[in-house]
Amino acid sequence: MTTNADQQFVEMVVRAIVGNPEDVKTERTVDERGVLITLHINPADMGYVIGRQGQTARSIRTLLKIVGAKNNAHVNLKIYEPEGSRGPRPRPVEAVDTSAVDDLNI
């Protein structure tokens with residue numbers, strides 16, 4: 001395998017599961033900690049790549065580590081999220097005790 005086999009692997013797997021495969025791009029950087037592959041996808045496909053409770057992303061990372069180990073490299077995957085792409089998470093609504101004012105007949 002070539003040194004970019006890990007990058008090609010990520011692109012192949014992700015293109016197979018997203019709705020906009022033409023938007024899949026990767027950046028590969030190497031430093032003293034190993035290889036970092038940054039994945040850029042269409043925001044509409046984020047759910048397909050992350051998966052329920054992150055299972056799909058975790059599986060891709062596991063397979064990527066195996067590909068990296070085969071080439072004696074420590075490989076990590078970062079899924080790029082543009083600033084503001086994820087809205088604020090809704091807070092659970094707490095029940096408010098209104099018993100003190102319920103019988104004011106207002």
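The values are calculated or read from the model by the stated rules, or taken from the named source; none is laboratory data. Since we're looking at a predicted model, the values are computed, not measured. Neighbour counts run over all protein chains shown; Cβ positions are idealised from the backbone, glycine included.
For this structure, a couple of remarks:
- Test for Thr38: is it polar (S, T, N, Q) and touching a residue at least 12 places away in the same chain (Cβ under 8 Å): yes
- Annotation: Arg91 fulfils all but one of (1) part of a loop (DSSP other than H, G, I, E, B); (2) at pLDDT 90 or above; the unmet one is (2).
- Qualifying residue in segment 71-78 (condition: of a type in the set (Val, Ile, Thr), in contact with an Asp or Glu (Cβ under 6 Å, 6 or more places away or on another chain) and at pLDDT below 95): yes
- The set of residues from segment 24-44 being outside any strand (DSSP E or B) and either surrounded by 15 or more Cβ atoms within 10 Å (Cβ to Cβ) or in contact with a Ser or Thr (Cβ under 8 Å, 6 or more places away or on another chain) (or both) comprises Val24, Ile41, Asn42, Pro43.
- The requirement of being touching a Pro at 6+ places or on another chain (Cβ under 8 Å) and surrounded by 13 or more Cβ atoms within 10 Å (Cβ to Cβ) is satisfied by Arg15.
- Residues that are in contact with a strand residue (DSSP E or B) (Cβ under 7 Å, 6 or more places away or on another chain) and in contact (Cβ under 8 Å) with a residue 12 or more places away in the chain, drawn from segment 1-35: Asn4, Asp6, Gln7, Val10, Glu11, Val14, Lys25, Thr26, Glu27, Arg28, Gly34, Val35
- When Glu32, Glu27, Glu22, Glu11 are checked against the criterion of being charged (D, E, K, R) and at pLDDT below 95, a single residue qualifies: Glu32.
- Residue that is surrounded by the most Cβ atoms within 10 Å (Cβ to Cβ) [pool: residues in segment 45-79 that are in a loop (DSSP other than H, G, I, E, B) and touching a Lys or Arg at 6+ places or on another chain (Cβ under 9 Å)]: Gly51
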